[in-house]
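Structure first, commentary second.
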Amino acid sequence: MQKVIVICGPTASGKTKLSIELAKKINGEIVSCDSMQIYKDMNIGTAKPTFEEMQGIKHYLIDFISPDKRYSVAEYKIDAEKAIEEILNKGKIPIVVGGTGLYIDTIIYGIEYPKIEFDDKYRKELEKREKKEGLIKLYEEAKQIDEEAIKKISINDKKRILRILEIYHATGKNKTEQEIISREKGPKFDYKVFAINMDREKLYERINKRVDIMIDNGLIDEVKKLLNKYKEFPTAMQGLGYKEVKEYLENKISKEEMIEKIKQESRRYAKRQITWFKKNKQTIWINGLNKIEDNINLILNSSGI
């Protein structure tokens, strides 16, 4: 099997910089593994790498889905494997980079998701219930259906809570059962998985600083433009940073509360990401505070590339 490098880890840990330097050194190209960077017009809040930051390295699966469209993990798997094959056919090395654990798992374990027809009527019913009864009620229902999957999900993660309910509604099987069945084929490539981590206090400092930079760079204006341009946001506006700015624009919270909320939720998200990646037994952990050259050497020595 052909080798593919995976670099994952929590938000603000330095994945983008490391992956670009690695790609320059080994003639690689990057496949994004981020469920928010897929969206067009959502650049600041998703920390999407700029053209300058990419330094001429081709990136796949960034900036290609309209925020008013749905995009599933099953679609991601198809698109990611297609991108990986394209890179390999060029004689280059694919580097999968991102912090979306579900996207990473679906490729490194070869998870095949059954084609589930989206039931718009049922989704609207869930949305109404969430407004009337509260998200906690739906969270408890999802917990009854799939206790294993709910362990990995925040009590505020509306998108994934609804997805558990939708999968069960459509198939009669829960998400965990689907995944057990779907792993039987195994992965298509030989994935070498690396995760960046660092001292928690240092990581939180970086997260807080990143949020301040996003605000300074115009995150509020970015959200205003999105709300003016698109009528619907099936999942995009649930993204971290975007939903808090939307609350601020609706005068539900103050600007200071909005900023603190984004920082707090980002720190919580980072903690969940670390927990998620720790369960992957083949993951090799690298220290994000080390010199980039040292981490590149570690990746090359450990992956045999």
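Scan the range 34-45 for residues that are part of a loop (DSSP other than H, G, I, E, B), crowded, with 22+ Cβ neighbours inside 10 Å and more than 10 Å from the chain's Cα centre (by Cα) and jot them down.
MET42, GLY45
Can you tell me how many residues in the range 210-246 are surrounded by 15 or more Cβ atoms within 10 Å (Cβ to Cβ) and not β-branched (Val, Ile, Thr)?
The total comes to 19.
I need a count of the residues in the range 133-158 that are within 22 Å of the chain's Cα centre (by Cα) and of a type in the set (S, T, N, Q).
So the answer is 2.
For the range 247-266, does any single residue satisfy the condition of being at pLDDT below 95, basic (Lys, Arg) and either outside any loop (DSSP other than H, G, I, E, B) or more than 23 Å from CYS33 (Cα to Cα) (or both)?
No, the range 247-266 contains no residue that is at pLDDT below 95, basic (Lys, Arg) and either outside any loop (DSSP other than H, G, I, E, B) or more than 23 Å from CYS33 (Cα to Cα) (or both).
Please indicate, with yes or no, whether at least one residue in the range 232-240 is among the polar types (S, T, N, Q) and part of a loop (DSSP other than H, G, I, E, B).
So far as the range 232-240 goes, yes, one or more of its residues are among the polar types (S, T, N, Q) and part of a loop (DSSP other than H, G, I, E, B).
What's the number of the only condition in (1) under 10 Å from ASN197 (Cα atoms); (2) over 19 Å from the mean Cα position of the chain (by Cα) that ILE299 fails to meet?
(1)
What pairs come up if the first residue lies in the range 285-305 and is closer than 19 Å to ALA12 by Cα, the second is among the acidic types (Asp, Glu), and their beta carbons are under 6 Å apart, counting only those six or more places apart or on different chains?
That search, which allows pairs on different chains as well, returns ILE292/GLU21.
Only one of these conditions is not met by ALA236: (1) touching a strand residue (DSSP E or B) at 6+ places or on another chain (Cβ under 8 Å); (2) farther than 29 Å from SER66 by Cβ. Which number is it?
(2)
Scan (1) assigned to a helix (DSSP H, G or I); (2) under 22 Å from VAL6 (Cβ atoms) for the single condition ASN290 breaks and write down its number.
So ASN290 meets the others, but not (1).
Looking at the range 46-160, what helices (runs of 4 or more DSSP H) fall wholly within it and have at least 3 residues that are free of Cβ contacts under 8 Å to residues at least 12 places away in the same chain and more than 23 Å from GLU244 (Cβ to Cβ)?
Counting at least 3 such residues, we get 73-89, 120-133, 135-145.
The values are calculated or read from the model by the stated rules, or taken from the named source; none is laboratory data. Values in this document were obtained by computation on a predicted structure and should not be read as measured data. Every residue, glycine as well, gets a Cβ built from its backbone with ideal geometry; the counts of neighbours run over all protein chains shown.
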